[in-house]
Amino acid sequence: MKVLASAKEAIENFSMPDKVGFGKVLLPIMATCEFKRGEWGELEIKPYAKLELDPTCKVLHYGQEIFEGMKAYNYKGNGPNLFRPLENFKRFNHSARRMAMPEVPNEIFVNAVNTITKMGENFIPKRSGESLYIRPFMIATENNLGIKPSEEFLFMVIASPVESYFSGGSYKVLIERQMVRACPGGMGTAKTGGNYAGALNSGVRTQKLGLHQSLWLSASDRKSIEELSGMNFFAVIDGEIHTPELTETILDGITRRSLIDIARSKGLKVIERKMSIDDLIEDIKSNKCTECFSCGTAAIITPICSLHEESGERYNVKEEFGPTTKMLRETLLGIQEQTVEDQFNWVVKL
């Protein structure tokens with residue numbers, strides 16, 4: 001690995017604004033590593049800069065691209081520490097295999113993430129809920145218009161100091177009955193841009209309705225709940241936690257798995273199953289379903305206060321931010337910020 005002197009100078013001269021938002025302020029450094037002629041080159045840490053791509057670059061035409069989202073914490077200066085980075089590494093290479101891209105070696109991935117985090121340590125916010133959002137990604141860079149997998153790739157890591165994504169409010173969610181996010185045999189379990197691009201049209205309609213997120217249903221039956229756009233879904237029904245079982249169309253969320261483990265460690269029953277939207281609506285109407293929430297790296301947990309049909313019908317969840325949702329969020333965030341005992345050995349201190 002090579003750390004350029006200009007990268008050290010860039011981070012030394014960096015000053016962070018008081019308000020950073022989410023993903024708007026970037027550290028002035030980035031990690032890059034190229035794959036050419038069947039092998040990976042040297043990892044470099046350099047100043048943050050624009051990329052220069054040929055107009056025929058395959059990522060621009062055929063969407064060969066993958067990414068991850070992960071966080072480093074430094075609550076009250078007790079970090080920096082990463083949360084379950086090995087799981088991000090595993091999922092990154094799962095996505096790479098599905099998208100006909102080379103796997104990134106562990107040494108390159110870990111060195112890139114750790115070095116960017118350590119160099120940016122002074123700019124990781126120290127207030128609760130705030131963190132350094134880290135974005136590893138890889139794009140196809142071969143230049144020609146032939147429809148075939150690229151033979152050249154660029155792996156990169158950039159990072160952004162972020163405020164808490166959770167504002168304390170809850171989501172109003174549209175039940176998406178027109179479109180589907182992923183189909184069996186498709187890219188649903190890969191963290192690739194196409195999955196998110198396919199959700200944008202629904203997102204526009206959702207915003208116009210004054211709602212926040214879309215809840216996707218299965219392409220196979222148009223009834224089984226899958227996930228929100230970029231977040232997994234949970235419901236508390238008769239005191240038990242229910243979540244859609246993983247299929248080849250649902251992203252295997254690291255936050256999702258963590259919450260399941262926490263809930264079970266607290267003695268709560270967690271049921272992973274095929275969930276019917278019609279049954280959920282009836283459970284909400286009868287108050288058998290008392291809480292709903294979504295989860296993901298960015299927001300950790302966001303409560304869901306209501307489900308909506310495009311026709312205007314609304315189903316209000318009994319508890320807008322219920323006790324189970326609160327407990328899970330506080331416990332997971334506490335582990336991430338090292339204020340709650342990490343009995344699972346998820347935190348990696350740098």
> If Lys266, Lys208 are ordered by their accessible area, calculated over protein heavy atoms with a 1.4 Å probe, which sequence runs from highest to lowest?
Replying inline: Lys208, Lys266
> Measuring from centroid to centroid over Cα atoms, what is the spacing of the range 1-79 and the range 285-348 in Å?
Replying inline: 31
>> For a quick check of understanding: with a 1.4 angstrom probe and all protein chains in place, what accessible area in square angstrom does Thr141 have, to the nearest ten?
In response: 30
> When the solvent-accessible surface of protein heavy atoms is calculated with a 1.4 angstrom probe, in what order do Arg314, Arg205 fall, highest first?
Replying inline: Arg314, Arg205
> Dipole size in debye (nearest 20) for the range 98-153 around its Cα centre, Lys and Arg Cβ +1, Asp and Glu Cβ -1?
Replying inline: 320
>> Let's test the formula: R0 of 51 Å, r as the Cβ-Cβ distance of Lys326 and Glu12. What FRET efficiency results, to the nearest 0.05?
In response: 0.80
> With axes computed from alpha carbons, what is the tilt in degrees of helix 193-208 against the longest principal axis of the chain, rounded to the nearest 10 within 0 to 90?
Replying inline: 50
> Taking Cα atoms, how many degrees apart are the long axis of helix 323-336 and the longest axis of the chain, rounded to 10 and kept between 0 and 90?
Replying inline: 20
>> So, taking all protein chains as they sit and a 1.4 Å probe, how much accessible area belongs to Asp18, in Å² rounded to tens?
In response: 140
> With the other protein chains left in place, how much accessible area per residue, in square angstrom, belongs to the chain at a 1.4 angstrom probe?
Replying inline: 44
> How much net charge surrounds Lys24 when only other residues with a Cβ under 14 Å from its Cβ are counted (Lys, Arg +1; Asp, Glu -1)?
Replying inline: -1
> With every protein chain left in place, what is the accessible area of Ile284 in Å² (1.4 Å probe, nearest 10)?
Replying inline: 0
> Do the alpha carbons of any pairs in Lys126/Lys191; Lys19/Lys90; Lys223/Lys288; Lys76/Lys118 sit beyond 26 Å of each other, and which pairs?
Replying inline: Lys126/Lys191; Lys19/Lys90
>> Going 7 Å from the Cα of Lys19 along its beta-carbon direction, which residues of the range 158-177 have the amide nitrogen within less than 14 Å of the resulting point?
In response: 163-164
> When Lys and Arg each count +1 and Asp and Glu each count -1, what net charge do the other residues less than 15 Å away from Asn74, Cβ to Cβ, add up to?
Replying inline: +2
> Which net charge results when you count Lys and Arg as +1 and Asp and Glu as -1 among the other residues whose beta-carbon is under 13 Å from that of Thr331?
Replying inline: -1
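The values are calculated or read from the model by the stated rules, or taken from the named source; none is laboratory data. Since this is a predicted model, take the numbers as computed values, not measurements. Here Cβ is always computed from backbone atoms with ideal geometry, including for glycine, and neighbour counts include all displayed protein chains. The accessibility values were calculated without ligands, DNA or RNA, using every heavy atom of the protein model including side chains. Shrake-Rupley method; radii C 1.70, N 1.55, O 1.52, S 1.80 Å.
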